[in-house]
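The values are calculated or read from the model by the stated rules, or taken from the named source; none is laboratory data. Predicted model, so just to flag it, every value in this text is computed and none were measured. All Cβ positions, glycine included, derive from the backbone under ideal geometry; neighbour counts span all protein chains shown.
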């Protein structure tokens, strides 16, 4: 199989569920299948990708065998599909696009082509162009008509939400006090950064700050805001995405400065370390030199004592006087040793201090790199998941875990259902978020037909609904007690594309480092 390297857990058998199953030969009595050119839903005007507004997401209805694409304006495209057949049924739940590839081949089914592939699980479920016989026929993948697959490919970005439902569902506009609103930010400045001791202060000129505000607002597709309309007198307010762009620009400046400081500190530490080692070696040499002259003086004294002992003790009673030159050599050696020890102490202290300076500079460089990574993460959409099963709220951004905390669900004995709330559009000043909600129907509400027009399809289509009354999207939010600070934290990151998932189910085993939340309902 070709493609970008995947996580180790995904490499084993990745694509094992991808299929390119040719339809079985039809019975003579069956009507001929419609030509491929008409496989896309008729009379559906799909908007080009550059004309979409707000968040783009798709809903796959397995019983109806169709996919519908939405943005902030409502439905923008629809097409027929072919999902997994009996024994290989496509899982239902909440997914997102985690990989895209224009040309892809199966690594299991003899390299069968799967063009316009959009991966939604590492275990092998994807949307791709293929044969649409009018009933579930794949090994788990969601096949798209050849005419529609490239359109969907152009409409979606990495991370686009894909909802696979056991029944036809449509997004509805919703407003609720528990749904967060974005926090607008002042453009980052050196004064603000100086308040955090772990961050290096980088002074930005006012003109640079103004340019950064305009550039970051433009990058996010929103104008910078100025309260009262007096841009020259009031500091610009940035939405969370534009603010993240400005943060990254400043963090990269800080990182460059911190890296240069760390590099210079390392060079100084290496230089002073070498000088300290040389001073220590000099002490060893001085100690060896002193030992040699002391041994020489001792040997000379013993020789003189042996030769002059009778005369000294008999006539004068006085000890032999040591050789003055040797005594002077010993004194010099001791003085040299004292000097080298002094230098060694100074050089060692300097080396120790230089190493400490380097350690601090290195930590500052690492912290600056982390701030760059955090700013980059903050440029992506935020996802929130409240799991009744786990009793927690989880926050992820850029497919990375950000925060989690316990959450309280009132009336825990009653099912919550599974609901997806999406911030499809946001007012320019961040004062209002346009949310939509999709509530998944109960799993046994309606099963996908085996074949169009067959008796089994009709029997499954008429299957009874769940015995309990599903919770509404508003009712589910009414029962959630958010932990303190949760709405504020989410508001720091929320902008168009942000989402909240509420479900009875836990996080799926399909989740990994390179995924958004995946919630399997079957």
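Considering each residue of the stretch 94-110 in turn, at least one proves to be assigned by TED's automatic domain parsing to the domain that holds residue 513, in contact with a strand residue (DSSP E or B) (Cβ under 7 Å, 6 or more places away or on another chain), within 27 Å of residue 435 (Cβ to Cβ) and assigned to a loop (DSSP other than H, G, I, E, B). Against the conditions (1) over 30 Å from residue 73 (Cβ atoms); (2) at pLDDT 95 or above, residue 512 satisfies every one except (2). From the list 222, 203, the one residue that fits, being at pLDDT below 50 and farther than 20 Å from residue 378 by Cβ, is 203. Looking across 289, 282, one residue alone is more than 60 Å from the chain's Cα centre (by Cα), in a helix (DSSP H, G or I), surrounded by 14 or more Cβ atoms within 10 Å (Cβ to Cβ) and modelled with pLDDT of 90 or more. It is 289. Listed by position, the strands (runs of 3 or more DSSP E) contained in the stretch 315-434 that have at least 3 residues being in contact (Cβ under 8 Å) with a residue 60 or more places away in the chain and in contact with a helix residue (DSSP H, G or I) (Cβ under 8 Å, 6 or more places away or on another chain) are 392-397, 400-406.
Of everything listed in (1) assigned to a helix (DSSP H, G or I); (2) within 22 Å of residue 162 (Cβ to Cβ), the single unmet condition for residue 492 is (2).
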